[in-house]
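Visitor: First the structure, then my questions, so here it is.
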Amino acid sequence: MLPQLISSSLDWLRDQAAAKAEDALISVLSAGPIPQHVAFILDGNRRYARSKGMQVKQGHTDGFYNLRKMLEICIKLNVRCVSAYAFSIENFKRSPEEVTALMDLAEEKLLELCRQGDILDRYGIRLVVVGHRDMLPERVLAAAEKAENMTKDNNRAIFNLCMPYTSRDEITTAVQTTIQSRLDDDTDDTDITAEEIEAHLMTSLAGSPPLDILVRSSGVKRLSDYMLWQCSENTQLQFSSTYWPEFGLLDFVPIILDYQRKVWSSTK
Amino acid sequence: MSWLASALLFLIHALYRLYLVFKPVFRSNTEPLPITAERSKLPQHLAVAFISYPKSDTEDNEQYILNSVEKVAGWCRAAGIPQLSVYDRDGILARSSLELRRRLQPSPRKVEPEESQVDCDIRYPLTPPPSDDADSRPLSPESLPLVPKLSVTTICLPIEPAKHKRRVSALRRRRVPSKGGHAASTPLALHILSYQSGKPAIAATANMFLNNIRQSQTNDALTTLPSLPSIPEVNAVLEGEHGFPSPDLTIVHRRLSAEHLSLPAEMGGFPPWQSRLTEIYWERCPAESRPWRNSHSTNESSSIEESEFRRALDEFAHAEMRLGK
């Protein structure tokens, strides 16, 4: 019994020390420029699960908890907007079992996130579900709308949960709504501009600032139909080889440092 | 305590900078495979996006980019890559399409049409650069679909005759791989892009669909109105005959100075629609930015280096595609 007590006390001390060190590192990084908007492609949940001998479903669950952890880190750093590619429209091609498991996870975690005292409430984060919503099962859509309604007055930060999303779908929807608004208002006969389409993008409608950094985990160096419009100009593309569920503050530090170097070198 | 945080941050940055400076020294220096080497996967469509350091000299930049395109076109042909897109934000390449044709096409008198294995018709930009939309009017009230201004110039280059391989501009200094002897050359479709080929082209496409709908409304009020464009319909325009298809691999090539050491890639306005599934390659530590580079060799960096091209192909060959599944 005594060894167990000592072991659990040491674990607690270690966790406390790690938390304090993390907060200290965040304070140090916050002394420099911080990006307004960071987007994450949450890649590698399945490969992570296979590498640990776990079921794929557990990989996705661990991936969700890591998303929550990274969201908290970003908020503590004073990042104003975080976007996450949680589910692609292309992911509907996966096995029905996996898609169902992912939808179950989405419903469960959306409800969890908007509980009182949980991260959205604690930090004043407004949740926005960005994507082709009518492709979601009703139960997931209901959970999404509940979370959005509960957080609509939060104004410290925005969390864009992209599901189910593809950038081409978002751009095409923006093109459609732009055309429709012109058809509804015959008085404007000027040409449609890129700025007008941009204003109709779902991320713009949610009030998201321009995208400063896009991070993709698991070593893949593609955008995979994510935020193509938003990251096509001067967004820093960061490709980390770590699988998403293992992506942490130490992986994020060089990303923040690269951003700060860019800001400082552009002010010279 | 904020002074302490700032001091610690300064220290972290100093250590990080040291790490970035010395990282290439300890990186494994495996020589990339030759251009014509067998690779498990080769891009069928390669793009090179030239992202310039803002303060560099304009004319110097222009020569650098033109020299680089000339080299890359030759390497693509040697490697068997049939499509190449080249991009720069400001339209240096778009304004220099005649110069590029001169540099890349074999002399007309040496090429017999029947010997060419490619239908080498040069396609000029659809509309001139100025913004008047006179060219976008339909030819008849019954409307052929209007053609949007996509700002893409496509040149088809035939197979290079073997005996003329050495007629390429004297500015080329690439090291011809000695292994495998004489590489076969491939016909090459070259798409010349600028910022206008990206977001503005999407806006132009939206205008085209809007005008089509309005026209249908005025032509015949009784028939069903055309519906708003779908993803495949938008794609058919942007990747169609007057646009360009999605590259398999984009090399983001930056000409940087040492103070921009090892910054992450940025797309610099490269057309977003076509970047959907494209592998992105860039050098974290471009050759020009290495501080220990010998001064006598800086004059040689008048274009992209062949080793970068070869490393990009090597990395592409190892990339895994799951397509959402």
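The values are calculated or read from the model by the stated rules, or taken from the named source; none is laboratory data. Keep in mind it's a predicted model, so treat the numbers as computed, not measured. Reconstructed Cβ throughout: ideal geometry from the backbone, glycine too, with neighbour counts over all protein chains shown. For accessibility, only protein heavy atoms count, side chains too; no ligands or nucleic acids. Shrake-Rupley method; radii C 1.70, N 1.55, O 1.52, S 1.80 Å.
Visitor: Grab the Cα-Cα distance for A:Val263 and A:Arg156, subtract it from 0.36 nm times how many residues apart they are, and report the gain in nm with one decimal.
Guide: Roughly 36.2 nm would be gained on extension.
Visitor: Also: Using a/c under 1.5 as the rounded threshold, could you call segment A:1-157 rounded, prolate or oblate? The axes a ≥ b ≥ c are square roots of the C-alpha gyration tensor eigenvalues, and prolate needs a/b larger than b/c, oblate otherwise.
Guide: oblate
Visitor: Now for a different question. Which percent of the accessible heavy-atom area of chain A goes to carbon and sulfur, probe 1.4 angstrom?
Guide: 52 percent
Visitor: What share of all Cα pairs of chain A, in percent, falls into each consecutive 5 Å distance bin?
Guide: Bin by bin from 0 Å, the calculated values are 1, 5, 11, 15, 17, 17, 13, 8, 5, 3, 1, 1, 0, 0, 0, 0, 0.
Visitor: Given R₀ = 35 Å, FRET efficiency for B:Gln63-B:Ala236 by Cβ-Cβ distance, to 0.05?
Guide: E between B:Gln63 and B:Ala236, to the nearest 0.05, is 0.40.
Visitor: Would you work out the Kirkwood radius for segment A:132-210? I mean one over the mean of 1/r across all pairs of different Cα atoms, in Å.
Guide: This gives a value of 14.4 Å.
Visitor: Give, ordered by residue number, each residue of segment A:158-173 whose 1.4 Å probe accessible area is reduced by a minimum of 50 Å² on adding the remaining protein chains to the chain alone.
Guide: For segment A:158-173, once contacts with the other chains are taken into account, A:Arg168, A:Thr172 lose 50 Å² or more.
Visitor: Something else: Across peptide B:264-271, what mean number of C-beta atoms from other chains lies inside 10 Å of a residue's C-beta?
Guide: Shielding by partners across B:264-271 averages 6.
Visitor: Which of the chymotrypsin sites (Phe, Trp or Tyr not before Pro) found in segment B:1-92 are loop residues per DSSP with 15 or fewer other Cβ atoms within 10 Å of their Cβ?
Guide: none
Visitor: Considering only protein heavy atoms, what per residue accessible area in square angstrom results for chain A with a 1.4 angstrom probe?
Guide: 44 Å²
Visitor: Relative contact order (percent) for segment A:97-195, with alpha-carbon contacts under 8 angstrom and 6 or more residues of separation?
Guide: 28 percent
Visitor: Can I ask one more? Under 1.5 on a/c is rounded, so check that first for segment A:137-183, then, if it is not, pick prolate when a/b is larger than b/c and oblate when it is not; a ≥ b ≥ c are the square roots of the alpha carbon gyration tensor eigenvalues.
Guide: prolate
Visitor: Roughly how large is the A-B contact in terms of buried accessible area, totalled over both chains, probe 1.4 Å, nearest 100 Å²?
Guide: For A against B, buried area totals roughly 5100 Å².
Visitor: Using amide H atoms built 1.01 Å from N in the peptide plane, name the residues 5+ places from A:Ser83, or on other chains, whose amide H lies under 5 Å from its own.
Guide: A:Val38, A:Ala39, A:Phe40, A:Asn160
Visitor: Right, next: With 28 Å as the limit, write out which pairs from B:Lys41/B:Lys71; A:Lys262/B:Lys199; A:Lys146/B:Lys199; A:Lys93/B:Lys41; A:Lys52/B:Lys325 have Cα-Cα distances beyond it, or answer none.
Guide: A:Lys146/B:Lys199
Visitor: Working out 0.36 nm times the residue gap between B:Leu18 and B:Ser307, then minus their Cα-Cα distance, what length gain in nm do you get to one decimal?
Guide: Answer, rounded to one decimal: 101.6 nm.
Visitor: Residues with amide H under 5 Å of A:Gln236's amide H, sequence separation 5 or more or different chain, H placed in the peptide plane at 1.01 Å from N; which?
Guide: It is A:Ile213, A:Leu214, by chain and number.
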